[in-house]
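Asker: Below is one structure. I have some questions about it.
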Amino acid sequence: MLDWQPISQLKIAIDGPSGSGKGTIAKRLGEELGLPVLDTGLLYRFVGWRASREHVLLSDEPAVIAALPGLMSDMQWCVDGIHYEGQLCTSELRSEEVGAMASQVASLPAVRSALLDVQRNVASQGAIMDGRDIGTVVLPDAQAKFFLTASVRERARRRWAQLSNKDKMDVRDKDSMAQVQFDLEQRDKRDAERSCAPLLAADDALVVDSTVLNVDQVVDRLLAILHRRQLIRPT
Ligand code: DC
């Protein structure tokens, strides 16, 4: 039995830069509220990954758009991640290499608009959706919008800790940490400076800086705000 009951068709938008904790916070909120959680970054990662496997030049907008229906044809986007040809391929999509591919295709306006309906449809019955432009473009009608952020150093540290775990990187390797921070800054710059749907807090989004907060503290803060706005109630 859940502790909280959300209003019908509640849509929560969570945006923020890489390493701001969007994914973790969205997942935890989803567990608390019993709402589906949709990571839109995975969608861009999938398109970048598939396009690259098909040798489509990621900067060639007409070529990516022409290939898009074929790239997406055997794809299913569910709450547990992205399935391709019947197999869950989420872990393959999470690499830094695929993240860079995603950032490239995500800067193409035609790709963004082609993916708009896909995103709106999956959220139509209520969801927590995380990305870069959810509050501003994808779900401007979301009843709650949060923009998560943290210092670049802290975000790089979190990303590095994640990678150290996954790839068994040497945790004493200071160069690898500097490299992660550099890559993160490059990706943030591209995401924030693109002309179409740049990374930006919506005017009505609440900005939460998690540099010195842990996951529980952020989740508690967001639940308190949702409760105060009468978007959720205790069961
Ligand atoms: O959140 P992520 O690292 O999985 O996102 C991968 C890339 O996709 C990131 O560089 C920004 C882009 N992206 C986007 O432009 N818009 C979204 N709604 C989600 C991700």
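Asker: Using only the alpha carbons of the range 77-191, determine the length spanned along each of the three principal axes and report them from longest to shortest in whole angstroms.
Answerer: 46, 34, 26
Asker: Of all trypsin sites (Lys or Arg not before Pro) in the range 189-230, which ones are in loop regions per DSSP and have a Cβ with at most 13 other Cβ atoms within 10 Å?
Answerer: On the way: sites: K189, R190, R194, R221, R228, R229; in loops: R194, R229.
Taking the range 189-230 and a limit of 13 other Cβ atoms within 10 Å, the loop trypsin sites (Lys or Arg not before Pro) found are R229.
Asker: Moving on to the next point. Using every pair of alpha-carbon atoms in the chain, split the distances into 5 Å bins beginning at 0 and state the percent of pairs per bin, rounded to integers.
Answerer: 1, 6, 14, 18, 20, 17, 13, 7, 3, 1, 0
Asker: Taking the Cα centre of the chain as origin and charging only Cβ (+1 Lys, Arg; -1 Asp, Glu), how large is the dipole, in debye to the nearest 20?
Answerer: Using Cβ point charges on Lys, Arg, Asp and Glu, the chain gives about 440 debye.
Asker: Still on this structure: For the range 1-114, what is the per residue volume of the convex hull drawn over the alpha-carbon atoms, in cubic angstrom?
Answerer: Values: hull volume 14.0 nm³, N = 114.
Spelled out: Cα convex hull of the range 1-114, divided by residues, is 123 Å³.
Asker: With the contact rule set at Cα under 8 Å and sequence spacing of 6 or more, what percent relative contact order holds for the chain?
Answerer: Numbers: 354 pairs, mean separation 78.3, N = 235.
Relative CO of the chain lands at 33 percent.
Readers should treat all values here as calculations from the given coordinates under stated rules, not as data from a laboratory. Small disclaimer: the values here were computed from a predicted structure and weren't measured. Heads up, the Cβs are rebuilt from the backbone with ideal geometry, glycines too, and the neighbour counts pull from every protein chain shown.
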